[in-house]
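Any read-out appearing in this document is the output of simple, stated calculations on the displayed coordinates, not a laboratory observation. Bear in mind the structure is a predicted one, so any value in this text is a computation, not a measurement. Cβ placement follows ideal geometry from the backbone for every residue including glycine, while neighbour counts extend to all protein chains displayed.
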């Protein structure tokens with residue numbers, strides 16, 4: 001089992017939205033509860049588990065987003081050790097939005113996934129298509145900038161961990 005010391009090679013993901021759903025749950029840090037943010041208004045569903053990486057703070061003020069590839073969907077609040085393999089750079093109504101693509105370390109189906117080229121090109125297109133369309137009927141624009149390799153994802157994770165640690169310890 002991975003340990004926190006292995007960050008960013010291994011990350012702890014908190015699942016907000018299980019694969020197959022249309023309910024958009026978000027974790028409310030202050031209240032420490034999961035809340036229903038909205039039901040997707042487009043005719044799409046999450047085709048992966050989705051959540052955030054514990055102990056990070058992205059540029060949008062939330063934890064760093066994680067797309068989790070796992071054989072069976074989990075549930076909101078489930079904590080899963082993941083291995084980053086790449087990332088998806090995009091923009092939405094809140095600005096730059098980075099999604100770290102991870103595989104579940106406890107799922108033997110993904111044991112051989114270590115970098116972005118290990119993921120099927122079709123699977124990557126499915127994930128891109130989801131993000132291109134999931135806000136269409138909400139009249140919100142999303143721009144997909146493209147996939148990036150593992151090193152870029154690790155750089156983002158290190159930066160976002162540093163921001164979180166400064167925030168939580170009060171250091172500058």
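Please work out if residue 15 is over 22 Å from residue 144 (Cα atoms), touching a residue at least 60 places away in the same chain (Cβ under 8 Å) and surrounded by 21 or more Cβ atoms within 10 Å (Cβ to Cβ).
yes
Take the residues in region 140-153 that are surrounded by 18 or more Cβ atoms within 10 Å (Cβ to Cβ) and assigned to a helix (DSSP H, G or I), then tell me which one is farthest from the chain's Cα centre (by Cα).
Here the residue is 150.
If residue 99 satisfies all but one of (1) closer than 25 Å to residue 28 by Cβ; (2) without any contact (Cβ under 8 Å) to a residue 60 or more places away in the chain; (3) out of contact with any helix residue (DSSP H, G or I) (no Cβ under 8 Å at 6 or more places or on another chain), what's the number of the condition it fails?
Unmet condition: (3).
Can you pull out the strands (runs of 3 or more DSSP E) entirely within region 1-105 that have at least 3 residues that are closer than 25 Å to residue 119 by Cα?
Here the list reads 11-17, 49-53, 64-69, 79-92, 95-104.
Say whether the condition of being outside any loop (DSSP other than H, G, I, E, B), out of contact with any strand residue (DSSP E or B) (no Cβ under 9 Å at 6 or more places or on another chain) and within 20 Å of residue 40 (Cα to Cα) is met by at least one residue in region 112-128.
yes
Let's see how each residue does on (1) surrounded by fewer than 17 Cβ atoms within 10 Å (Cβ to Cβ); (2) farther than 28 Å from residue 139 by Cβ; (3) in contact with a helix residue (DSSP H, G or I) (Cβ under 7 Å, 6 or more places away or on another chain):
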{"residue": "49", "(1), (2), (3)": "no, no, no"}
{"residue": "55", "(1), (2), (3)": "no, yes, yes"}
{"residue": "58", "(1), (2), (3)": "no, no, yes"}
{"residue": "62", "(1), (2), (3)": "yes, no, no"}
{"residue": "66", "(1), (2), (3)": "no, no, no"}
{"residue": "71", "(1), (2), (3)": "yes, yes, yes"}
{"residue": "80", "(1), (2), (3)": "no, yes, no"}
{"residue": "85", "(1), (2), (3)": "no, yes, yes"}
{"residue": "94", "(1), (2), (3)": "yes, no, no"}
